[in-house]
Amino acid sequence: RREVLVEDLVDGIEDAEGVTVTYPSTCEYCDARIEGQEAIFRFDSATLEIRYPSFGMPRQLIAAYRAMAEELGKVSAVKDLLRL
């Protein structure tokens, strides 16, 4: 099980272009949105959730994961989490 500090994720994601990040003051999780994607990517210290505002198909999840990996794969705090 891999764990990271959410604060490190926020710092790295904030520097990525085309990505917005929001988080509560407790930093227990952060939500990242990639420009052009419906999905919301919720990170906490140990998990990643791909959320949709409405019903999503499996192929949409795969496409969203690939888009997220491409956009955030260079963020050091995210890089290790993305390995399947």
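The values are calculated or read from the model by the stated rules, or taken from the named source; none is laboratory data. From a predicted model like this one, the values you see are computed outputs, not experimental measurements. Here Cβ is always computed from backbone atoms with ideal geometry, including for glycine, and neighbour counts include all displayed protein chains.
Within the stretch 54-75, how many residues turn out to be out of contact with any strand residue (DSSP E or B) (no Cβ under 8 Å at 6 or more places or on another chain) and either within 19 Å of Val4 (Cα to Cα) or not small (Gly, Ala, Ser) (or both)?
12
All but one of (1) in a helix (DSSP H, G or I); (2) in contact with a strand residue (DSSP E or B) (Cβ under 9 Å, 6 or more places away or on another chain) hold for Lys79; state the number of the condition that does not hold.
So the condition that Lys79 fails would be (2).
Write out, first by first residue and then by second, each pair whose Cβ atoms fall under 6 Å of each other, whose residues are 6+ apart or on separate chains, and whose first residue, in the stretch 22-33, is surrounded by fewer than 16 Cβ atoms within 10 Å (Cβ to Cβ) while the second is of a type in the set (D, E, K, R).
Filtered contacts from the stretch 22-33: Thr22/Asp31; Cys27/Glu7.
Restricting to the stretch 50-80, and then to whatever is modelled with pLDDT of 90 or more and in contact with an Asp or Glu (Cβ under 9 Å, 6 or more places away or on another chain), can you tell me which residue is farthest from Glu17 (Cα to Cα)?
Among them, the one singled out is Arg51.
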